[in-house]
Each structure stands twice: as structure tokens, then as C-alpha cells.
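S.K.: Next up is a structure, given as C-alpha cells.
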Amino acid sequence: MNKYESLLNKNDFTREEIIALLSPTTKDDHELLLEKAGMVRNETIGNNVYFRGLIEYSNICAKNCYYCGIRRGNEKQGRYTMTDQEVLDCAKFAYDEGYGSLVIQAGEVSSKDFTDKIEYLLKEIKKLSNGKLGITLSLGEQTSDVLKKWFEAGGHRYLIRIETSNKDLYARYHPNDELHSYDERLRALNRVKDNGFQTGTGVMIGLPRQNVGHLADDLLFIKKFDVDMVGMGPYIESDDTPMYEDRNILISKKDRFELSLRMVAVLRLMMPDINIAATTAMQTLDPVGREKAIKAGANVIMPNLTPVKYRESYLLYEGKPCLDEEAEKCKGCIMARIKSTGTVVALNEWGDSNHFFKRKNSDK
Ligand code: 5AD
Ligand code: SF4
Ligand code: FES
């Protein structure tokens, strides 16, 4: 057994060991890591993959992150918000098709009109599905009062990506103001946890000036924060954003993709019982990127339910897939894709993170 292989049999790693795992020197070692992570998933939480039907509710965002195509400052981008009926139609489709859960995602808005509207929609979705559709929210930094209302209305999982756990990189890729404070983002993530949500975070991989040391720190941050779920994927440059200027210093798309797969795999070794998403950004860089992520230990996938007429307007980055496929077609496509990974789509289940329940029990 070589040194790399012997590392794979551990589940607790030092920073140096994580760096080593993220930097295999042969293709064989890279493949062994991904294979091992898939096995660890199967042995710990099984080979089920859970669906979260994705509703990109609105592309209106108060923030101005330098990497994002729907940032407030991108005046070229027309803005939309789905109608209530459109949202409920998506939810009904998900329920009828046995998706088990939804993710509601939007730019970050904290007005009362917006937060009341989300509360209303949550209640309506719960009604139309007899309480059976699980709901994950991905709606940015919010106050405890808002989070409480949303939790009571039926949201039970919440994602806020920390984007990068490195403060210097964070400061470099966001405007320097109150709205974009690293410390505040961390506090927002804590509020999510304190209000009872299953809590998710994530990072972007392959940011300009980011090295494997930063990524090892990201994984250690995720582990230390003791999250229940993670969504992470490659950074993809987007014109119409300030960070497009840095496009010439990025590692290649292939390297970013493979590094992202290793991040998923190493995280699976470190946190065997959490939920890890095979993200859309993975498929953007590789036509079978999400399938590869599932093989490398991911267990959640988010088929897009957003009406096709809005999809072009929710381009966080270039080359997003499924722009023309209505939900119906996307479902068939995704089912076939997952079958190819040796896993099973678990329909009609919430697919909650096992880690969450263990965490709760140990709190008692
Ligand atoms: N490349 C990859 N991911 C991005 N996101 C935003 N812009 C980009 C980009 N250019 C991700 C961020 C955000 C999520 C909604 O999309 O991580 O949290
Ligand atoms: Fe808004 Fe999120 Fe894009 Fe930042 S990454 S500009 S918060 S949608
Ligand atoms: Fe959406 Fe294939 S996954 S069309």
C-alpha cells in the first residue's frame, strides 16, 4: 500500500494530510480516493440519492458579490420574481412526481414584503402536499425573527455558503461594507443552526489566488462547524462580473473540476453521515459532472423546476446546464443519469441528514 492509500483508511485528518489527499500525484491515487469515498457513503448512509426540486424563485439580489452574474450591480441582467401560482405549480409537480423535497433559492432580500411572501408560500406548499414535501431554504442572511417564522411555516433545512473560510479571500471577492461582512455571514449561519434548521454551508473551489491550503482550511471549517449538509462546486468565471478580470490566473476548468471531486470525496471521508450535493456547477464543467460527484460520495441532487422562461435570467455563471429542459424532461434525464452511477433515487422521502439527528441526540 502506498502512502496515499494508507491515508484513505483514516477518517480524521490533519491539515497536512488533507492537503496531501487533495494533491494526488498519480491518476490512480485520484481514482482511489473517489472510489473510497463512494464506498464510505454506501457503508455509512447507503446508496440512496435524494431529490430536491430546485425553484429559483427570484434573481433580485441586494448584494454585489464580485463573482456572481446576478449581483445587484449587473445592470444588463433583467430581473424577475416568480408568481405565487408558478411556485405552487412547481411544488405540485414535485409532490406528484415523488421528489420528496424542494429547495427555494433566490438572491438575498430582507424586506418585509419578501419575507412575508416566503412565509406565505411555505404554508401553501405544506398545505398542497399534506405536509409531505420537505423544504430547504437558500435565501441568504436573515434575522432570527425571520428564520423563526420560516421554520414555523415549514422550512426545515437552510443553506448559507460561507463561500470561502479564508477571511482575506472573502474580503477580496466581496465589497468592503456591512452587507458583505465575513463575520456577519458566520453569525447568520449560526442563527440558522440556533433556530433548529438542518444547516448547510459550502464553498467555491478554484477561486483566483486560492490554494489547496485554503481548501483544506475550508474542509476543516465545515467539520468544525459541524454542519448537516454541504453544497460546493467549482468557481466558474462569469463575464459582466468584476472577477472576470482574473480569468487569466485561474487553474484550468478540468483541474477545477477534478479538485472539486476530490473536495467532495475528502469531505465524505471526514463526515461520513452528512448530506453532500452533486451541484449544478459540477455539471457545467463536465457533461457528466454530477454523476461523477455521486460516485465520489455525494448523495443529493437538485433537478431544476424553475420555468424555462426564467432560467436564462438565473445565470450565476456561464454555461449552466438544463436551460431549455422543462421539469418533466429534466426528471427523465436525471433518473437515467443517476442509474448510471450504481445508486438509487429514493423517491417520496425527505432524505434528511443522518448527521442532524445524531447531533440533536447528543445535545440532549
Ligand atoms: N461560480 C460558481 N459558483 C457561484 N456562485 C455564485 N457565483 C458563482 C460563480 N461565478 C454560487 C455561490 C452562491 C451560490 C448561490 O452560487 O456559492 O452561494
Ligand atoms: Fe446575491 Fe448570492 Fe449572487 Fe451574492 S452570490 S450576488 S448574495 S445571488
Ligand atoms: Fe436537466 Fe438533463 S439533468 S435536462
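Computed from the coordinates by the stated procedures, all read-outs in this text should not be read as laboratory data. Just so it is clear, the model here is predicted, and its values are computed rather than measured. Note: ideal-geometry Cβ built from the backbone for every residue, glycine included; neighbour counts use all protein chains shown.
S.K.: Roughly how big is the range 26-179's charge dipole about its Cα centre, with Cβ charges of +1 (Lys, Arg) and -1 (Asp, Glu), in debye to the nearest 20?
M.R.: So the magnitude is around 200 debye.
S.K.: When the Kirkwood radius is taken over all Cα pairs of the chain, what Stokes-Einstein diffusion coefficient follows at 20 °C and 1.002 mPa s, in µm²/s?
M.R.: My calculation gives 104 µm²/s for D.
S.K.: In whole percent, what relative contact order does the range 66-220 give with Cα contacts below 8 Å and a gap of six or more residues?
M.R.: Over the range 66-220, the number comes to 21 percent.
S.K.: In addition: Let me check I've understood the local charge: for SER23, count other residues with C-beta under 10 angstrom from its C-beta, Lys and Arg +1, Asp and Glu -1. What total comes out?
M.R.: Around SER23, the surrounding residues sum to 0.
S.K.: Using 7 Å Cα-to-Cβ label points, what is the VAL288/LYS360 separation (nm, one decimal)?
M.R.: Simple spin-label model gives 3.8 nm for this pair.
S.K.: Another question, then. Suppose every Lys and Arg Cβ carries +1 and every Asp and Glu Cβ carries -1, with no other charges. What dipole size does the range 31-96 come out with about its Cα centre, to the nearest 20 debye?
M.R.: 400
S.K.: So if I average 1/r over every pair of distinct C-alpha atoms in the range 7-102 and take the inverse, what Kirkwood radius in Å does that give?
M.R.: Hydrodynamic radius (Kirkwood, Cα only) of the range 7-102 equals 18.0 Å.
S.K.: Assuming a ≥ b ≥ c are the square roots of the Cα gyration tensor eigenvalues, decide whether the range 82-175 counts as rounded (a/c under 1.5), prolate (otherwise, with a/b larger than b/c) or oblate.
M.R.: Because a/c hits 1.5 or more and a/b exceeds b/c, the range 82-175 counts as prolate.
S.K.: Compute the signed sum of charges (Lys and Arg +1, Asp and Glu -1) over the other residues within less than 12 Å, Cβ to Cβ, of ALA265.
M.R.: +2
S.K.: Report the gain in length on full extension from ASP255 to ASN9: 0.36 nm times residue separation, minus Cα-Cα distance, nm rounded to one decimal.
M.R.: 86.1 nm
S.K.: Next up: Give the shape of the range 84-241 as rounded, prolate or oblate, defined through the alpha-carbon gyration tensor: a ≥ b ≥ c are the square roots of its eigenvalues, a/c under 1.5 means rounded, and otherwise the shape is prolate if a/b is larger than b/c and oblate if not.
M.R.: In terms of gyration-tensor shape, prolate.
S.K.: Two decimals is fine: what's Rg over Rh for the range 150-218, C-alpha atoms, Kirkwood radius as Rh?
M.R.: When Rh is taken as the Kirkwood radius, the ratio is 1.03.
S.K.: Using alpha carbon coordinates only, what is the Rg to Rh ratio of the range 243-332, with Rh defined as the Kirkwood radius?
M.R.: Taking Rg over the Kirkwood Rh, I get 1.01.
S.K.: Filter LYS63/LYS167; LYS36/LYS126; LYS292/LYS360 down to the pairs with a C-alpha to C-alpha distance above 28 Å, please.
M.R.: LYS36/LYS126; LYS292/LYS360
S.K.: Compute, for the range 93-224, the length of the dipole vector about the Cα centre, with Cβ point charges of +1 (Lys, Arg) and -1 (Asp, Glu) only. Units Debye, rounded to 20.
M.R.: 360
S.K.: Given the -39500 (n - 2.57) contribution per DSSP H run of 4+ residues, what per-residue ellipticity at 222 nm results for the chain, rounded to the nearest 500 deg cm²/dmol?
M.R.: -13500 deg cm²/dmol
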